[in-house]
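The values are calculated or read from the model by the stated rules, or taken from the named source; none is laboratory data. No experiment lies behind these values; they were computed from the predicted model shown. So basically every Cβ, Gly included, is an ideal-geometry build from the backbone, and we count neighbours across all protein chains shown.
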Amino acid sequence: MLSPAKLAFICKYFPYSICTGLQQTRLFDSLVKMTTEPKMVTEKKRILELPLEEKRKLYRSQDFLIVDKVDPWCNYVIRNKHLATKKHTLDDLNEFKKITLDPELNKKLSEKVSIYKGDITKLEVDAIVNAANSLLRAGGGVDGAIHRAAGPLLQQECNTLGGCPTGQAKVTGGYDLPAKYVIHTVGPQDGSAPALQKCYINSLAHHKEYNIQTIAFPCISTGIYGFPNRLAAHIALQIARQFLEKNEKFERIIFCTFMPIDIDIYETLLQMYFPVQEWNYNDGASATEKGE
Ligand code: AR6
């Protein structure tokens, strides 16, 4: 596309009548784009191209967190001795057995996941995932928080996407958020495990196209949509483990826990799916039926 300055120059010094057919078409296309391209499109491109220091000036809150400041799971385990008291249940064990882990990768992968307690909008990652609704209209919960922190252009871009069916995921810019992109996924409202699996799979599937190496997930569907927290965490961790085993260069998946119940669940289950040391799963399960 011609820049506005070039276009102004052409219009002034290069009468339209003497343009070749191709030039006329290009000139016309550029004029149409300039008059119809919404501010959101130009703003999205501009923000994505800004140097990091400039982009940081846009953040609505300056208490953002860079990935290097979020402990990888292997360090979190060392810092939090109380984790040893958290035991998985027999139900956890049965759910865990649904996937096969490559134990050779345990150590490496424990450096690539994190648990983060707090507001997902503070994370300066390549992408944060939004637990959206199928109309992609700003709602409550994490969706509301993300829209407030990103600013009104996020809703404008969402309006161009034609909604999003349950289990699918669509990408927008992050606008005033520390995250470059927002991946909007729509969790199930009926407790469907396969639909929730798809949310995680389809969100991660965008990583190649958008060059996403760091991503943060909220606990999709477990708030207003009422999905059981523990099963939701198993699903998130199963998909994450399988994804990281296949994508060894991916840098970090952050599980953003907001409610105390999710902190407890993730601290327990991460020990199963991303073990830092060798341990006997059956020991934990036999210690307690309820994980208490
Ligand atoms: N950062 C991280 N997690 C958060 C935040 C935050 N700022 N705020 C809430 N959570 P929910 P859903 C947690 O209800 O169940 C919206 O109206 C929250 O504690 O946000 O998928 C949409 O428009 C919970 O653990 O998402 C949809 O209509 C988790 O995020 C509907 O809610 C998900 O809770 C989607 O419901």
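For the subset of the stretch 136-164 comprising residues that are outside any helix (DSSP H, G or I) and under 16 Å from the mean Cα position of the chain (by Cα), which member is nearest to the ligand (Cβ to nearest atom)?
L136
Filter the strands (runs of 3 or more DSSP E) completely within the stretch 166-264 down to those with at least 2 residues that are within 13 Å of the ligand (Cβ to nearest atom).
Filter on the stretch 166-264 gives 181-186, 214-217, 252-257.
Show the residue pairs meeting these rules: Cβ distance below 8 Å; 6+ apart or different chains; first residue within the stretch 123-148 and within 15 Å of L161 (Cβ to Cβ) and modelled with pLDDT of 95 or more; second residue near the ligand (Cβ under 9 Å from one of its atoms) and among the acidic types (D, E).
The qualifying pairs are N130/D143; A132/D143; N133/D143.
Among the residues of the stretch 107-137, write down those that are more than 28 Å from R79 (Cα to Cα) and out of contact with any Lys or Arg (no Cβ under 8 Å at 6 or more places or on another chain).
Within the stretch 107-137, N130, A131, A132, N133, S134, L135, R137 qualify.
Just checking, which of A132, A150 is over 28 Å from P51 (Cα atoms) and either surrounded by 22 or more Cβ atoms within 10 Å (Cβ to Cβ) or in contact with a strand residue (DSSP E or B) (Cβ under 7 Å, 6 or more places away or on another chain) (or both)?
Result of the check over A132, A150: A132.
Looking at the stretch 126-135, can you tell me whether even one residue there is over 26 Å from F274 (Cβ atoms) and either more than 12 Å from the ligand (Cβ to nearest atom) or among the hydroxyl-bearing types (S, T, Y) (or both)?
Scanning the stretch 126-135, I find at least one residue that is over 26 Å from F274 (Cβ atoms) and either more than 12 Å from the ligand (Cβ to nearest atom) or among the hydroxyl-bearing types (S, T, Y) (or both), so the answer is yes.
If you scan the stretch 77-125, which residues turn out to be of a type in the set (D, E, K, R), part of a loop (DSSP other than H, G, I, E, B) and either within 16 Å of the ligand (Cβ to nearest atom) or more than 30 Å from L154 (Cα to Cα) (or both)?
Answer for the stretch 77-125, where residues must be of a type in the set (D, E, K, R), part of a loop (DSSP other than H, G, I, E, B) and either within 16 Å of the ligand (Cβ to nearest atom) or more than 30 Å from L154 (Cα to Cα) (or both): K86, K87, K97, K98, D102, E111, D119.
In the stretch 74-127, which residues are buried (at least 18 other Cβ atoms within 10 Å of the Cβ) and over 25 Å from I220 (Cα atoms)?
none
I'd like to check something: does the stretch 88-104 contain any residue that is under 22 Å from the mean Cα position of the chain (by Cα) and within 20 Å of Y200 (Cα to Cα)?
Within the stretch 88-104, none of the residues are under 22 Å from the mean Cα position of the chain (by Cα) and within 20 Å of Y200 (Cα to Cα).
In the stretch 153-172, what residues are of a type outside the set (S, T, N, Q) and surrounded by fewer than 21 Cβ atoms within 10 Å (Cβ to Cβ)?
Listed by number, the residues that qualify are L153, L161, G162, G163, C164, P165, G167, V171.
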